[in-house]
């Protein structure tokens, strides 16, 4: 385990234990809290037809990489500020999220809302009595009740049976952005040969390597992320989630990933491509910027990535800006010969989505904050925070409430529109994937074929159809500072080192030797205990999901 991370985690646990001991009733059921800020009394309810009332609250994004832009400086948040009387005061992590949160806890100066991952941070704050239970609000307000599946809410419940979390980018449908794409110029020049199996890919990459010495035959993304994703092509009904779990499902148990023939085949294939210089030789170290530079200049023949829609859309715009016939083309996921193409998945999705928001007991009016989030996740909020307010890129709606693109959307600067919408989306902290995806598809069908976005076409034709629901495996990671959490970190460290060794191995025999050693070392580190823990969590999830059906 990284010592700096472990130190920060231990400090956080100590602080929360201290706060729990000192708590005098400010627990999860204390809806009011006792904020010491100078914003004055909570605002009185105003019935403006939106279901929300004026409120100002502080918002902290618990990520090193996240800097929340000022509120009211783009069309979407300015509209919300003026028309819904909601103001958000960002609290920045300064690139040191753990230290920032520890400082706020020690000083008893928590923000009103924390935006973070599900898991350890949330549960520690719950046990310290520093979060507001939201069950009553979920019952009272309409939009989450309408759009969030009951099974999703059940999976968000903490050990005490209450819900403290507001999900972001949850779904009741299918979504996914992972996949494979090819450089159209190169693919056309080489005669558009069949690209369906890994054997096809190997032969194609050889041609690229020999004919285009300045092009990367197979690009695998930042720090080689695409390498693990290829796993889904070696085994039906599977995704690389099995690798992160360190085990694959067999019946109602998780079995060591080192026992999986598909994982062995993956590593032998990846190593073969690497040895023959068909993959970037610094794949495991390269940065996102380096990958984008190659994609945007057309120096990539084939690419696999978990976020292929973003890389593809940006690269496609860059290349077609110089030649309208150039660009990238999404293709169906490649697979081992003999597998059913309709049972091969490139990525996985969880109905719970990505991040969560929690409201702390420091908030003066937690219900007003929740009401705002409920508005955000509804049709009006989603339209404002994804497409922009009415009058910008749309003026009317269709029968399903989806925005109809106006002339500015159709004929304006595509790059400007994309950049504006990206900035709006940064504030969409209760993203409703199903609504947005449906609205995007409706909007795109109103455009001519050459006006439709590369991303939306890729999603509607390939990436959604090849993404598997893996919701049953959520919440299976142990808390880092526990015994099982330490085992998990040690097992992951062994895997990380071993994976790199297998990629860089000089022969098949060396790959198999490293694999055998990794298996042995992981077993000694307690992999069986980790898999037992995750199996139990997984089966608990299955029961919760089945109860909701």
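The values are calculated or read from the model by the stated rules, or taken from the named source; none is laboratory data. Note that the structure is predicted; figures quoted are calculated from it, not measured. Cβ atoms come from the backbone with ideal geometry, glycine included; neighbour counts cover every protein chain shown.
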*asked:* If I ask for residues that are crowded, with 24+ Cβ neighbours inside 10 Å and under 23 Å from residue 240 (Cβ atoms), which ones from segment 350-363 would you list?
replied: 351, 352
_Need pairs with beta-carbon distance below 7 Å; first residue in contact (Cβ under 8 Å) with a residue 60 or more places away in the chain and within segment 376-395, second assigned to a loop (DSSP other than H, G, I, E, B) and crowded, with 23+ Cβ neighbours inside 10 Å; sequence gap 6+ or separate chains._
377/430
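Could you say which residue among 331, 404, 369 is within 28 Å of residue 299 (Cα to Cα) and at pLDDT 90 or above? Walk me through how you get there before you give the answer.
Details: 404 fails: within 28 Å of residue 299 (Cα to Cα); 369 fails: within 28 Å of residue 299 (Cα to Cα).
The match here is 331.
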*Selection within segment 271-285 - buried (at least 21 other Cβ atoms within 10 Å of the Cβ) and more than 20 Å from residue 213 (Cβ to Cβ)*: 271
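Here are 477, 521, 469, 481: which of them is at pLDDT below 95, surrounded by fewer than 19 Cβ atoms within 10 Å (Cβ to Cβ) and in contact with a helix residue (DSSP H, G or I) (Cβ under 9 Å, 6 or more places away or on another chain)? Walk me through it before giving the result.
Values: 477 fails: surrounded by fewer than 19 Cβ atoms within 10 Å (Cβ to Cβ); 521 fails: at pLDDT below 95; 469 fails: in contact with a helix residue (DSSP H, G or I) (Cβ under 9 Å, 6 or more places away or on another chain).
On inspection, the qualifying residue turns out to be 481.
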_Leading residue by the ranking (nearest to the chain's Cα centre (by Cα)) among those in segment 110-129 that are modelled with pLDDT of 95 or more and over 22 Å from residue 486 (Cα atoms)_ = 115
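When the residues of segment 98-117 are filtered to those that are in a loop (DSSP other than H, G, I, E, B) and touching a helix residue (DSSP H, G or I) at 6+ places or on another chain (Cβ under 9 Å), which remaining residue is nearest to residue 360 (Cα to Cα)? Walk me through it before giving the result.
Residues of segment 98-117 in a loop (DSSP other than H, G, I, E, B): 107-112.
Remaining after also requiring touching a helix residue (DSSP H, G or I) at 6+ places or on another chain (Cβ under 9 Å): 108-112.
Working: 108: 11, 109: 10, 110: 7, 111: 7, 112: 5 Å.
So the residue we want is 112.
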